[in-house]
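The values are calculated or read from the model by the stated rules, or taken from the named source; none is laboratory data. As the structure is a prediction and not an experimental result, all values here were calculated from the model. In this analysis, Cβ positions are derived from the backbone assuming ideal geometry, glycine residues included, and neighbour counts consider all displayed protein chains.
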């Protein structure tokens, strides 16, 4: 007998706001023999766009996934809708990029191994050798050392893009990958590449931002996870968090607390993406956190 998990599907959509969208979607699923388990919606009054996420269960005599997909496509063509329909059990394929600091990579792999992040890890890629990942247990995961310099950047990105295609990667995560992606490469990964960085930007750019923040006596530090675009560190934000600090905190304290914030913010952002909870809204995002 087919389990509920195997018959569960997720539909996310965005379209110009208009009367009847919720009714049309729920009616379509009812006619297809499905039961809605969870539904969230949002109307952006400023842009006139409507966003929706629906989790539903195909009942015993429901139409096939292909028939439901066809009905959704027909509705999408009538109302100028962008939509994604995915079986809940289908795991996204994720490639993890890292440089020397591997705290975010270690955290993501731990959450993956205990089943908290439902994904298939296609590869770990670094511009440094495997020996630099002192705290990360890679096991049998494919590891690629792709060194990069000013002279080899174009060649390195071409190899990286080939890996993305060869492994059929759905999402690329920059888990403290300290290289700036080119405009061309960023465009190829639009909407499917997540980065993490401290939340001081545009202040305290360059090396040792936490040390700069300490010198200025900041009272709050934080981290931001966002989609990568050609505008450096200015892509649509998925998740953020902060932590208050005091005059007693040293630069090392800020670095330590900053690592912790970066780990949890990136993990939440990746989880939201894997669970189809993020919909792009121009330079922003709609995030249905549940």
What's the number of the only condition in (1) surrounded by 13 or more Cβ atoms within 10 Å (Cβ to Cβ); (2) modelled with pLDDT of 95 or more that residue 168 fails to meet?
(1)
It is to be established whether one or more residues within region 77-99 are assigned by TED's automatic domain parsing to the domain that holds residue 9, assigned to a helix (DSSP H, G or I) and loosely packed, with under 14 Cβ neighbours inside 10 Å.
yes
Pull up region 35-61, narrow it to residues that are under 28 Å from the mean Cα position of the chain (by Cα) and more than 20 Å from residue 286 (Cβ to Cβ), then point me to the one that is surrounded by the fewest Cβ atoms within 10 Å (Cβ to Cβ).
35
Check whether at least one residue in region 36-55 is more than 23 Å from residue 66 (Cβ to Cβ) and part of a helix (DSSP H, G or I), and report yes or no.
no
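Is it the case, given these coordinates, that residue 69 is assigned to a helix (DSSP H, G or I), assigned by TED's automatic domain parsing to the domain that holds residue 8 and closer than 16 Å to residue 88 by Cα?
On the way: assigned to a helix (DSSP H, G or I): yes; assigned by TED's automatic domain parsing to the domain that holds residue 8: yes; closer than 16 Å to residue 88 by Cα: yes.
When the stated conditions are applied, residue 69 passes them.
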If you go through region 146-160 one residue at a time, do you hit one that is in contact with a strand residue (DSSP E or B) (Cβ under 7 Å, 6 or more places away or on another chain), at pLDDT 95 or above, crowded, with 18+ Cβ neighbours inside 10 Å and at negative phi?
yes
